[in-house]
1. Given 0.36 nm per residue, what is the gain on full extension from Thr153 to Leu170 after removing their alpha carbon distance, in nm?
2. Distance in nm between label sites at Arg193 and Arg89, each 7 Å beyond Cα in the beta-carbon direction?
3. Below 8 Å between Cα atoms, with a sequence gap of 6+, how large is the relative contact order for segment 126-223 in percent?
4. Given +1 on the Cβ of Lys and Arg, -1 on the Cβ of Asp and Glu, and no further charges, what dipole in debye does the chain carry about its Cα centre, rounded to the nearest 20?
5. Can you give the angle from 0 to 90° between the axis of helix 154-165 and the longest principal axis of the chain, with both taken from C-alpha atoms, to the nearest 10?
6. Is there a quick way to get the dipole size of segment 135-220? I mean about its Cα centre, with the Cβ of Lys and Arg at +1 and of Asp and Glu at -1; what is the value in debye to the nearest 20?
7. So if I restrict to the alpha-carbon atoms in the chain, what is the Rg, and what is Dmax, the biggest pairwise distance, in Å?
8. Divide by every residue of the chain the summed helix terms, -39500 (n - 2.57) for each DSSP H run of at least 4, and state the resulting mean residue ellipticity at 222 nm, rounded to the nearest 500 deg cm²/dmol.
Amino acid sequence: MSAVLLIEDDERLRRALALTLRSRGYEVADAGTGAEGLAWLRRSRVDVIVLDLGLPDIDGIDLISSIRAIRQAPIVVLSARRDQSDKVRALDAGADDYMTKPFGVDELLARLRAAVRRSGRGDDQRVITTPDFSVDLGLKSVSSASGTAIHLTPTEWGVLETLVLANGLLVTSANLLAEVWGPGYEDQSNYLRVYVGQLRRKLEPDPSRPRYLITTPGIGYRFNAAGTAGADD
């Protein structure tokens, strides 16, 4: 479970984002001011920081510099400021990504996952072990229960990694397509059927009765590390 620190002075937005992130498997701490955020960083583990630049007590750019003085966790900025110079200043100060308000929750989630992956922290360092195979998120590799390497193509790995990082939660087909193939592919569900089928042939003891790569018909897929029986296409 990745730990997120959400620094946002808009209480309604902060609560909504915290609820959404927790529902997606994140451990969330939230702060309404820069000072509260810095205090949390000094005493607790954080894998990624979501930061609003328009805080009441500290200028957001200055806060990024203060964070960088004590932590190297990736920073994703959420801001109503659309001026290119603000974005450049934030990135130069040490931010890893910049999103303008209003924003899509699914895009934010994708950017958080990417930030954690790039940092080499949090979920990227986990090894998920099932009764039949293991997935090493840090090494981006899969091996059988006996230790034999299982070769996956980059696209197969992208699908598997996205499902594993969802921590057992359902990933809609549209979100999975956007995460692996990018924007504009949300309607290409045939891509998923092909690649999930290939993954099942490589990972499932019985591909016709999947235990790990579970389909919720008409909605999406989830990864079941326990290996209990699930629905097929």
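1. On the way: separation 17, 0.36 × 17 = 6.12 nm, distance 2.28 nm.
Residue separation times 0.36 nm, minus the Cα-Cα distance, leaves 3.8 nm.
2. Output for this residue pair reads 5.2 nm.
3. Relative contact order here is 24 percent.
4. On the way: 29 positive and 32 negative charges, 100 e Å.
The dipole magnitude comes to about 480 debye.
5. Once rounded, the angle reads 70 degrees.
6. 300 debye
7. Radius of gyration, then largest Cα-Cα span, for the chain: 19.2, 58 Å.
8. Details: 8 runs with 95 residues, N = 233.
-12500 deg cm²/dmol, from helical runs alone.
Read-outs: derived from the displayed coordinates by stated rules, not from any lab. Note that this is a predicted model, so its numbers are computed, not measured. Every residue, glycine as well, gets a Cβ built from its backbone with ideal geometry; the counts of neighbours run over all protein chains shown.
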